[in-house]
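The values are calculated or read from the model by the stated rules, or taken from the named source; none is laboratory data. Keep in mind the model is a prediction, meaning the values are calculated, not measured. Neighbour counts are summed over all protein chains in view; Cβ atoms, including those assigned to glycine, are modelled from backbone coordinates with ideal geometry.
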Amino acid sequence: MDEESTVPFLEDTTSSQLPEEVNVKKRSFEYLENFPSPLILLLTSTASISGFMFGYDTGYVSAALVSIGKDLGGSLLTLRDKEVITSATSLGALLGALTGGLLADLWGRKRVILLSNLLFIVGGGTQVFSQVVDSMIWGRFIMGIGVGVGSLVAPLFISELAPPQFRGRLVVINCLAITGGQLVAYLMGALLRNWRILIAIGCIPALIQTLFFIYLPDTPRFYLMKGYHDKAFQVLRRINPGISDTAIEDKILQINQQNKQSTLGLSPWRSIWVNYIRIHRKASNLRALIIACSLQAIQQLTGLNALMYFASTIFQMVGFKNSNLVSMVIAGTNFIFTVIALFVIDRVGRRRILLWTLPIMSLSLFLCSVCFHYISVAFDPDGQPIIAPGTENVWGHFLILAFISVVASYALGIGNIPWQQSELFSQDVRGTGISISTATNWTSCLIVSSSFLTAMKLVTPSGTFLIFSIIGVLSVVLIAFIYPELSGLELEETQEILQDGFNVKKSVQLSLQRQRTQ
Ligand SMILES: O[C@H]1[C@H](O)[C@@H](O)[C@H](O)[C@@H](O)[C@H]1O
């Protein structure tokens with residue numbers, strides 16, 4: 001380690017020229033490990049249980065709706081009941097996302113994860129014991145709040161702990177848990193005929209995570225936000241074995257520089273307000289917010305979840321009668337390609353992956369649109385799409401290939417990169433920032449799920465997928481202009497990048513230099 005590497009990068013926060021001009025001041029904290037420490041892996045996997053519950057709880061609903069039959073109130077569920085039961089979770093998640101980040105700043109990341117578990121268990125329990133539709137809806141709503149809170153706090157927790165060169169991969173572990181949760185939900189849905197057991201199983205991971213977290217610490221960055229130097233020191237020491245005390249103190253100094261802005265001592269409401277204003281007034285924060293919200297909106301507005309929903313009808317057309325199997329093929333592709341993302345995200349870089357995969361995804365969506373042009377889709381009296389008899393199967397086969405290509409390119413990039421959002425924000429407004437961007441995700445999800453069937457009727461399925469494809473193309477242009485490369489950079493460094501512009505070119509150079517020195 002040379003002398004220069006002990007100079008905290010952020011000491012030079014007034015510098016607006018990056019990165020050659022700052023002579024690549026190396027990070028104050030030299031990571032000696034080539035592999036994250038066992039404690040980091042334990043904390044990451046435990047936090048990722050939240051991701052699993054996000055996936056499982058959004059995934060089991062279609063199977064549960066089929067097997068509920070007349071169990072709720074003695075009559076079959078109407079289409080309206082099904083819609084409300086399904087969307088109650090997304091609505092709850094929107095509420096959870098709006099409040100989760102703010103609570104994480106007030107109470108700590110760990111306590112908020114515990115709160116989300118309580119919501120999972122109360123919401124799940126309410127559903128398991130439901131005798132009428134209304135209590136089922138309330139159960140789904142309460143559980144949805146837990147999903148929303150968990151969807152933002154788990155990646156936040158992980159990215160605050162992770163050494164920069166592993167951060168991308170460690171956050172993808174949570175995304176892997178989401179797609180894994182969806183896959184397991186479909187698998188269980190196919191195996192289990194009893195919906196109450198299907199839902200009850202979903203509460204077990206929440207209990208396991210609670211037990212683990214009782215004994216595990218919060219993140220050093222949160223402890224420093226609250227002024228707990230010793231606790232932060234101890235966690236940094238445990239997660240980075242082999243690092244000198246001086247290097248740890250350097251790191252603490254670096255984090256504390258950003259905490260000068262913290263709202264310590266203010267009342268909770270006042271600090272929420274102050275952070276809300278701060279995130280809009282300070283240029284670097286506003287840029288971070290624009291990037292994070294854009295990525296989250298793009299993830300949902302390119303229609304992946306709608307495609308998942310429609311997949312079973314298409315597969316039926318080409319001879320697959322088992323719709324659960326269909327969902328598993330799509331969810332399986334999503335899972336497998338998220339595994340690949342895990343291995344490439346830090347090496348290739350977030351920006352570059354998006355610029356490679358989004359064009360492929362847009363092209364695949366366009367191919368879906370072309371295939372649909374040759375397939376005649378009708379709608380049954382309930383408004384559900386059905387394939388008109390006598391349709392040429394060959395287009396159905398092409399469509400399946402196009403679907404798989406959409407899901408694969410999605411899972412490699414836009415399916416997981418928006419969840420790296422915590423790295424964009426400075427310490428003082430991180431909770432507020434990720435609350436707003438996660439709420440953007442759930443709002444966009446609600447917009448697509450509530451308008452998808454109407455759009456298919458109004459502009460045909462071919463037109464709907466053409467719209468998704470156009471959104472994909474526009475997103476590539478937007479990302480090319482506004483998304484800097486943050487792979488390998490310290491959380492504190494990203495703010496420097498966003499200080500006087502989006503600094504895309506300079507960030508790419510800095511990230512490359514970091515990769516060479518790590
Ligand atoms: O990152 C996740 C994942 O890609 C899921 O498969 C998808 O259903 C969610 O909407 C998304 O947020």
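Does VAL407 satisfy the condition of being among the hydrophobic types (A, V, I, L, M, F, W, C) and within 16 Å of the ligand (Cβ to nearest atom)?
So VAL407 passes the test.
In this structure, is GLY390 small (Gly, Ala, Ser) and either within 14 Å of the ligand (Cβ to nearest atom) or at pLDDT 80 or above (or both)? Spell out the reasoning first.
Values: small (Gly, Ala, Ser): yes; either within 14 Å of the ligand (Cβ to nearest atom) or at pLDDT 80 or above (or both): no.
No, not satisfied.
Given the residues LEU458, LEU446, which is the only one that is part of a helix (DSSP H, G or I) and within 16 Å of the ligand (Cβ to nearest atom)?
Details: LEU458 fails: within 16 Å of the ligand (Cβ to nearest atom).
Every option except LEU446 fails the conditions.
Of the residues ASP380, ASP428, which single one is exposed (fewer than 15 other Cβ atoms within 10 Å of the Cβ) and among the acidic types (Asp, Glu)? Give the steps one after another, and end with the answer.
Values: ASP428 fails: exposed (fewer than 15 other Cβ atoms within 10 Å of the Cβ).
Just one listed residue meets the conditions, ASP380.
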message = Just to be sure before I move on: is GLY227 part of a loop (DSSP other than H, G, I, E, B), modelled with pLDDT under 95 and closer than 25 Å to VAL429 by Cβ in the structure I sent?
response = yes
query = among the aliphatic types (A, V, I, L, M), surrounded by fewer than 23 Cβ atoms within 10 Å (Cβ to Cβ) and touching a helix residue (DSSP H, G or I) at 6+ places or on another chain (Cβ under 7 Å), is that true of VAL122?
reply = yes
request  = Kindly indicate which of LEU119, LEU103, LEU114 is under 19 Å from THR440 (Cβ atoms), in contact (Cβ under 8 Å) with a residue 24 or more places away in the chain and away from the ligand (no atom under 16 Å from the Cβ).
outcome  = LEU103
Whichever residue in the range 144-184 is closer than 17 Å to THR58 by Cβ and β-branched (Val, Ile, Thr) and, among such residues, is farthest from the ligand (Cβ to nearest atom) = ILE145
Unmet criterion (only one of (1) at pLDDT below 95; (2) surrounded by fewer than 20 Cβ atoms within 10 Å (Cβ to Cβ); (3) more than 16 Å from the ligand (Cβ to nearest atom)) for PRO359 = (1)
task = Kindly provide the set of residues from the range 175-223 that are closer than 25 Å to ILE137 by Cα and outside any helix (DSSP H, G or I), ordered by number.
result = LEU192, ARG193, ASN194, GLY202, CYS203
query = Out of curiosity, is ASP382 away from the ligand (no atom under 16 Å from the Cβ), assigned to a helix (DSSP H, G or I) and of a type in the set (Asp, Glu)?
reply = no
ask   = For GLN131, all conditions in the list (1) at pLDDT 95 or above; (2) assigned to a helix (DSSP H, G or I) hold save one; what is the number of the exception?
value = (2)
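Per-residue answers, yes or no, for (1) buried (at least 22 other Cβ atoms within 10 Å of the Cβ); (2) within 22 Å of GLN296 (Cα to Cα); (3) in contact (Cβ under 8 Å) with a residue 24 or more places away in the chain:
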site: PRO461; (1), (2), (3): yes, no, yes
site: ILE471; (1), (2), (3): no, yes, yes
site: PHE481; (1), (2), (3): no, yes, no
site: SER507; (1), (2), (3): yes, yes, yes
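Answer yes or no: is there a residue in the range 431-439 that is more than 9 Å from the ligand (Cβ to nearest atom), assigned to a loop (DSSP other than H, G, I, E, B) and touching a residue at least 60 places away in the same chain (Cβ under 8 Å). Explain how you work it out, then say what you get.
So in the range 431-439, the residues more than 9 Å from the ligand (Cβ to nearest atom) come out as 431-439.
Then drop every residue that is not assigned to a loop (DSSP other than H, G, I, E, B), which leaves none.
Scanning the range 431-439, I find no residue that is more than 9 Å from the ligand (Cβ to nearest atom), assigned to a loop (DSSP other than H, G, I, E, B) and touching a residue at least 60 places away in the same chain (Cβ under 8 Å), so the answer is no.
Just for the range 279-338: of the residues that are within 16 Å of the ligand (Cβ to nearest atom) and aromatic (Phe, Trp, Tyr), which one is farthest from the chain's Cα centre (by Cα)?
First, pick out the residues of the range 279-338 that are within 16 Å of the ligand (Cβ to nearest atom): 292-312, 326-338.
Now drop any that are not aromatic (Phe, Trp, Tyr), which leaves 309-310, 335, 337.
Values: TYR309: 19, PHE310: 22, PHE335: 14, PHE337: 15 Å.
That would be PHE310.
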task = Please indicate, with yes or no, whether at least one residue in the range 185-204 is in contact (Cβ under 8 Å) with a residue 24 or more places away in the chain, within 14 Å of the ligand (Cβ to nearest atom) and of a type in the set (Gly, Ala, Ser).
result = yes
ask   = How many residues does the range 471-487 contain that are over 15 Å from ILE414 (Cβ atoms) and part of a helix (DSSP H, G or I)?
value = 1
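Out of the residues in the range 400-428 that are at pLDDT below 90 and in a helix (DSSP H, G or I), state the one that is nearest to ILE314 (Cα to Cα).
Going through the range 400-428, the residues at pLDDT below 90 turn out to be 400, 426-428.
Going one step further and asking which of them are in a helix (DSSP H, G or I), we end up with 400, 427-428.
On the way: ILE400: 8, GLN427: 46, ASP428: 48 Å.
Checking each candidate, the answer is ILE400.
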